[in-house]
Amino acid sequence: MSNLMTQDLYLSAFTARQAFLPGQDQAWLKDLRLKALEHFKQAGFPTDKLESWKYTNLANNLLKMSLSFELPKVTPSAVTAQLKKRGFEVEKAHVMVFVNGAYSAELSSLKTLPKGVVIQNLASALAHETVKTYLGQVASAQKKAFTALNMAYFTDGLFLNLAAGQLLEWPIHVVYLSANASQTTQSHLRNLIVLGNDSRAQVIEHYWGENVSAYLTNAVTEVVLSQGSVLDHTKIGQEDLKGFHVGSIEAKQNEASQFISRTFSVGGALTRNEIDTTLAQKKAESVMDGLYLSKGQQHVDTRTFIDHLSPNCNSHETFKGVLDGESTAIFDGFILVRENAQKTDARQSNKNLQLSNTAKVYSKPQLQIYADDVKCSHGSATGQMDEEALFYFQSRGISRADAKKALVYAFAGEMVERVPSEYLKPALTKFVQDWMGGAS
Amino acid sequence: MLVIKGLKAKVEDKQILNGIDLEIRSGEVHAIMGPNGSGKSTLAHVLSGRPGYEITGGEVTLDGKDLLSLSPEDRARAGVFLAFQYPVEIPGVNNTYFLKAALNAVRKSKGEEELDAMDFLELVKAKLKPLKMDEAMLQRAVNEGFSGGEKKKNEILQMAVLEPKLGILDETDSGLDIDALKVVADGVNALRSKNRSFLVVTHYQRLLDYIVPDQVHVLAKGKIIKTGGKELALELEEKGYGWLTGEKEEAKR
């Protein structure tokens, strides 16, 4: 049987794969998976005929590949050492590690948790009442083909549940490692984060690949924020250049909740990051920050959707990109302010710095407003390195290469400077600096 | 120190410099004056290696070393400093970082040890005082939101830190009120020494009341048409450039 990524393959392979997926004893989940597969059957893989996939055509790359369903058992290099090398003080975090879509208890290190805090791998938490209640409710299989595929085929991921009033002290650092050696693979990862009233957590989703052949990571994160809760969420994409990443984060925010979402993306042959939030109740706040850095033939596609459903909500969105080589970046940001969402304060900005003439940027900020008493703004700018500024550096004895680095850091570093977390800041600084080290 | 022979340069298809000959000896201050469009700023830019100019003839040496073949950063390391007419604003780059990177790049090229943060801060603080500059500006982004006077003082501060052999002042007096002009001129005068020369490019004589030149050259249509002592500047102030170029100059401002 050919393993080529076709819709038929995923429909036909399911019967055989089902037995290997977690939750065999959960009838509700089996039902969800089958329904999701049905949705995928209806939708098929997205094509560039779809407005939201206009500039990301999978037909010539991902869908031409043969990816195994097997999850190779690989012992990766010491993950803790890797994290330290990347600038994380791992002693100050709960670390969870998934390798090729499977949880690795031995590579993970969860600190002692107070009552009312659940940090678990999802596959082992499927009998949990909260999982039953929320899984698939925020990130519906009906809307997106990859989300449907994810629901049908997911193997594992993070489950975080905080009871009311719980303030989690350490961040949860979740590593999703692809290390498949010679076998091409796919991982369908599913995360579920449910925060009770006035609780607070910091979560880092960190994707990387090492010693790999081609692979696909299809990750879906669902976030439910109860009244007054705060989630500080950072997604770090350091996939291998042979990797394809399609990820979707979807949040539902209740009254006065705060969702801080950051996306730092540097890796992958092709990366698609979708971030959606619904400001479902009044006084909810959303901050969406992002930085994508690309070079060579990389393709990085960011699509965000902020749904202002209720009055007195804020959303502040800032995405920046630096593009070198022949890479392509897409930013498609949509803010919808519905009729009932009076006193909305919504701001969106996308700025791109092109380091080469062959890099391409498609920036598409969109704002639709149906309420009359709102403050909304959006803007987009794409420019090249300022030659006048470069000459100013050079005229003071600083080499052109160093001047470029300083100017790129001045541009991109803003997104790092805005991060309050002491745990993240050194690593993200390094993230940007390491990228510049390899840029032309 | 600086020897310019038959220097010709053009921008796109327009010939701007038509054969400049000039020699500045160690410790001397030379002023270049001339009407708008005479090529004075072009001369300053060409010496510092600004891109966009094509050298079509002539040579320039600094202490015998060919300047024109060097990159802008190598000219700076060799001791050329251009004080910009319009200093560039660089958001996101801290002034201290910029100054320190510049000084250490220059030191490194001379085989000197790079300064650490503490030593550097001590050095730069001492240079701030004569320019009546506040320490707080070290923490600001380079020139961002600086007033005209602050920007020009910042240029002189950079020069004081880098200690070049040749300081080129490109219309440093433009946009300055009289108080700022005095501070900037004092800053320059404090840097005068027998091992350092200056080329002062200016449209007006006013600056030369404060930075008194050894020689004044008048540039017109890309050539030096007259050279004299400091009194030549006064004469120009009185008679206008038309006196030398034979053209009617716009009303004196």
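The values are calculated or read from the model by the stated rules, or taken from the named source; none is laboratory data. Worth saying up front: this structure is predicted, and the values here are computed from it rather than measured. Methodologically, a virtual Cβ is constructed for each residue, glycine included, from the backbone with ideal geometry; neighbour enumeration extends over all protein chains shown. The accessibility values were calculated without ligands, DNA or RNA, using every heavy atom of the protein model including side chains. Shrake-Rupley method; radii C 1.70, N 1.55, O 1.52, S 1.80 Å.
What are the semi-axes of the equivalent ellipsoid for segment A:25-120, taken as the square roots of 5 times the Cα gyration tensor eigenvalues, largest first, in whole Å? Each step should come with its number before you reach the end.
Numbers: eigenvalues 236, 96, 48 Å².
Ellipsoid semi-axes (Å, largest first): 34, 22, 15.
Give me the Å³ per residue figure for the convex hull around the C-alpha atoms of segment A:353-404. Please report the intermediate quantities before stating the final value.
Numbers: hull volume 5.0 nm³, N = 52.
So the per-residue hull volume is 97 Å³.
Average partner chain C-beta neighbours within 10 Å, per residue of A:411-418? Don't jump to the answer; show the numbers that get you there.
Values: counts 3, 1, 2, 2, 0, 0, 1, 0.
Taking all residues of A:411-418 together, the mean is 1.
Once the convex hull of the alpha carbons of chain A is built, what does its volume come to per residue, in cubic angstrom?
In chain A, the Cα convex hull volume per residue is 140 Å³.
Taking B:Lys152 as the anchor, which lysines have their alpha carbon closer than 23 Å to its alpha carbon, excluding any fewer than eight residues away along the same chain?
Those lysines meeting the cut-off are B:Lys40, B:Lys100, B:Lys125, B:Lys127, B:Lys129, B:Lys132, B:Lys165, B:Lys182.
Quickly work out the A:Leu9-to-B:Ala190 label distance, labels modelled 7 Å from Cα along the C-beta direction, and quote it in nm with one decimal.
7.2
Averaged over its residues, how many other protein chain Cβ atoms are within 10 Å of peptide B:97-104's Cβ atoms?
4
Hey, with R₀ at 60 Å, roughly what FRET efficiency would A:Gln366 and A:Thr80 work out to, going by the Cβ-Cβ distance, to 0.05?
On the way: r = 43 Å, r/R0 = 0.71.
After rounding, the FRET efficiency stands at 0.90.
Keeping every protein chain present and rolling a 1.4 Å probe, give me the accessible area per residue for chain A in Å².
Normalised by residue count, the accessible surface of chain A is 38 Å².
Roughly speaking, to the nearest percent, how much of segment A:3-281's 1.4 Å accessible area is carbon and sulfur? Before the final figure, lay out each step's value.
Numbers: 5200 of 10250 Å².
Looking at segment A:3-281 in its full context, I get 51 percent from C and S.
Out of every Cα-Cα pair in segment A:397-440, what percent are more than 15 Å apart?
The calculated P(r) of segment A:397-440 puts 42 percent of pairs beyond 15 Å.
Run the quick spin-label model on A:Lys242 and A:Gln297: label points 7 Å from Cα toward the beta carbon, then report their separation in nm to one decimal.
Between A:Lys242 and A:Gln297, the simple spin-label model gives 1.4 nm.
If ligands, DNA and RNA are left out, what is the accessible area of A:His378 with a 1.4 Å probe, given in Å² to the nearest 10?
Rounded to the nearest 10, that gives 80 Å².
Once R0 is set to 56 Å, what does the formula 1/(1 + (r/R0)^6) return for the Cβ-Cβ distance between A:Asn340 and B:Lys110, expressed as a FRET efficiency to the nearest 0.05?
On the way: r = 68 Å, r/R0 = 1.22.
That pair, A:Asn340 with B:Lys110, gives E of 0.25.
Per-residue mean of other chain beta-carbon atoms within 10 angstrom of the beta-carbon, peptide A:380-389?
Mean shielding by partner chains, rounded to a whole number: 2.
Lys and Arg at +1, Asp and Glu at -1: add these up for the other residues within a Cβ distance under 11 Å of A:Gly87 and post the number.
+3
Report, to the nearest 10°, how far helix B:148-162 tilts away from the longest principal axis of the Cα atoms in chain B, using its own Cα long axis and a range of 0 to 90°.
70
Students sometimes get this wrong: rank A:Thr47, A:Thr130 by accessible area, probe 1.4 Å, all chains present, largest first.
Details: A:Thr47 65, A:Thr130 25 Å².
So the residues, ranked largest to smallest area, are A:Thr47, A:Thr130.
To the nearest 10 degrees, how steeply does helix B:95-109 sit against the main Cα axis of chain B, on a 0 to 90 scale?
80
Using DSSP, restrict attention to beta bridges with both residues in segment A:3-281 and report what percent are antiparallel, rounded to the nearest 5.
Working: 9 of 78 bridges.
The antiparallel proportion sits near 10 percent.
If I model a spin label at B:Lys230 and A:Gln433 as a point 7 Å from the Cα along the Cα→Cβ vector, what separation in nanometres do I get?
My value for the distance between the label points is 5.0 nm.
Which value, in square angstrom to the nearest 100, describes the accessible area buried between chains A and B on both sides, using a 1.4 angstrom probe? The partial results should precede the final answer.
Details: alone 17580 and 12240 Å², together 28070 Å².
Using a 1.4 Å probe on protein heavy atoms, the buried area is about 1800 Å².
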